[in-house]
Each structure stands twice: as structure tokens, then as C-alpha cells.
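Colleague: The following block contains the structure, expressed as C-alpha cells.
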Amino acid sequence: MNKLIVIGGGGFAKEVVWLAQDCGYQVVGILDDNADMHGQEAMGIEVLGSVDTWTAYQDCQFILAIGSPRIRHLVYQKMLNASQGAATPKFATLVHPNVIKSDSVSIGEGSIICAGCILTVEIAIGRHTILNLSDTIGHESTLGDFVTLAPMVAISGNVTLSDYSEVGTGAAIRQGLTIAKGGMLGMGGVQTKDIPENAIFAGNPAKPLKTLPAVETKC
């Protein structure tokens, strides 16, 4: 049985512990930078220490169980920095056994596909991307690296979600549209036009709400 360490100690990390166990992994610990959690347990799994101690567990694979794309990427960079030129961490890819997908779906390293998702045909999913519960992705769609979909998102065909983009619970995206790098569609939003870089859109139809700072790609 493959051994796994979950990175992050929040609520989603607890769900990922459950998912990983359903996928046949032995979850041996959690790493989180909140010192108050060290030595405590989540879902019966001990919080072993901070993220930069991952190098003590190189016989394990890792999964980034952090919902925010931006924070998830910063933690990923922190793990790489902690390696100091040694072997880089080995990341698992978790796909729940009841996910429905065709053979023409590709899924990048470190990504998480939760229970109830349906992925149709000719779909490309990047690295360290999260599809939460019961998301549906239509034909010929592309999701970049470090993308997050909350539960029950409906994406039509030929949609492009660029790196670090995020889609809130229950949102829907019309066919052929794009969310640019770092953009976000809010909970329940209905996207009817492209969303620019680092912009938050919300509502039905979705309209611009605010602009976020550019994505930090280095620690």
C-alpha cells in the first residue's frame, strides 16, 4: 500500500484524507504550518509538523489539500525550496473510484478529482488542480495548473480555465469561454463572457466585482 502525507490541516484536508483512503492509500500523517495543530489529530491522522519538514518523509508521496489556488502554489514552492537541491517531493494524483471519465481525459500530477465528478471527452487537466464533489466538465475543455473548482460546478464544452483560476460552488460556465490566469467566478455565478486575468466575476449573469493582485509565483 502506498504511503501518503496530506499537506494542509483544514476542512478540505480532512475530506482528502477520506478520499485518499478510498483510493487505497495509507495516510500516515499531515503537515501544516499552524504550530498549534502539531501533535493533534484530524480524521485520526496525526499532524506531524510544518510543511518544510517533508524531507523527513521521502518514502511517502504527498498531496496538496489546500483549496486556494494561490496559497496551494506558494506551499508547493515552499516544499521545493525546502529540498535544497535534493530529491523533489513525489506527488500523488487522487481520482475517486466512482468518478466517470473517458479514456481521452488526461490528469496532471498532484491533482485531486473528488467523488461524483463526470469528465466527458478530450479534456486536459493540469498539475495540482482540484475538482471538488460532483463537478461536470464538458468536451474539449482545458484546465491549467493549480485550478480549483468548488462542488457542483457545471462546465460546458471548449472551456479554458487558466492557471490559478477558481470557480465557486454551484457556478456554471457557458461553452467556449475562458477564465484567464488568476481569475475567479463566484459561488452560483453564471459566466456568459470571458473573465480577464485576476478578475472576480459574480452573479447571474456574472459581472466584474473586483480585481485581485497578480498571482505570486515565488515564495
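The values are calculated or read from the model by the stated rules, or taken from the named source; none is laboratory data. Predicted, not measured: the structure shown is a model, and the values here were computed from it. Please note: Cβ atoms are built from the backbone with ideal geometry, for glycine as well, and neighbour counts cover all protein chains shown. For accessibility, only protein heavy atoms count, side chains too; no ligands or nucleic acids. Shrake-Rupley method; radii C 1.70, N 1.55, O 1.52, S 1.80 Å.
Colleague: With a 1.4 Å probe and every protein chain left in place, work out the accessible area per residue of region 1-148 in Å², rounded to a whole number.
Modeller: For region 1-148, the per-residue accessible area is 42 Å².
Colleague: Taking every DSSP beta bridge that has both residues in region 40-148, what percent is antiparallel when rounded to the nearest 5?
Modeller: Looking only at bridges with both residues in region 40-148, the antiparallel portion is about 10 percent.
Colleague: Exactly which GluC sites (Glu not before Pro) in region 23-117 are in a DSSP loop and have at most 16 other Cβ atoms within 10 Å?
Modeller: The qualifying sites are Glu109.
Colleague: Moving on. Pairs to check: Lys90/Lys181; Lys101/Lys210; Lys181/Lys207. Give those whose C-alpha atoms are more than 23 Å from each other in this structure.
Modeller: Flagged as over cut-off: Lys90/Lys181; Lys101/Lys210.
Colleague: Sticking with this structure for a sec: Which ³J(HN,Hα) values, rounded to whole Hz and listed in residue order, are derived for region 158-174 from phi using the Karplus coefficients 6.51, -1.76 and 1.60 in 6.51 cos²θ - 1.76 cosθ + 1.60 with θ = phi - 60°, glycine and proline given as x?
Modeller: Residue by residue, region 158-174 yields 6, 9, 10, 10, 6, 3, 6, 7, 8, 10, x, 4, x, 7, 9, 10, 5 Hz.
Colleague: Translational diffusion coefficient, Stokes-Einstein: compute it for region 34-142 using the Kirkwood radius over C-alpha pairs as Rh, at 25 °C and 0.890 mPa s, and state it as an integer in µm² s⁻¹.
Modeller: Translational D for this selection: 159 µm²/s.
Colleague: Pop out the carbon and sulfur fraction of the accessible area of the chain as a percent, whole number, probe 1.4 Å.
Modeller: 51
Colleague: Working from Cα positions, state the angle (0 to 90°, nearest 10) between the long axis of helix 11-22 and the longest principal axis of the chain.
Modeller: 80
Colleague: Share of antiparallel DSSP beta bridges in region 86-194, in percent to the nearest 5?
Modeller: In region 86-194, DSSP labels about 0 percent of beta bridges as antiparallel.
Colleague: If you take the Cα Rg of the chain and divide it by 2.2 N^0.38 Å, with N the number of residues, what do you get?
Modeller: So the Cα radius of gyration is 1.00 times the expected 2.2 N^0.38 Å.
Colleague: Compute the helix-to-body angle for 69-82: its Cα long axis versus the longest principal axis of the chain, expressed 0 to 90° and rounded to tens.
Modeller: Once rounded, one gets 30 degrees.
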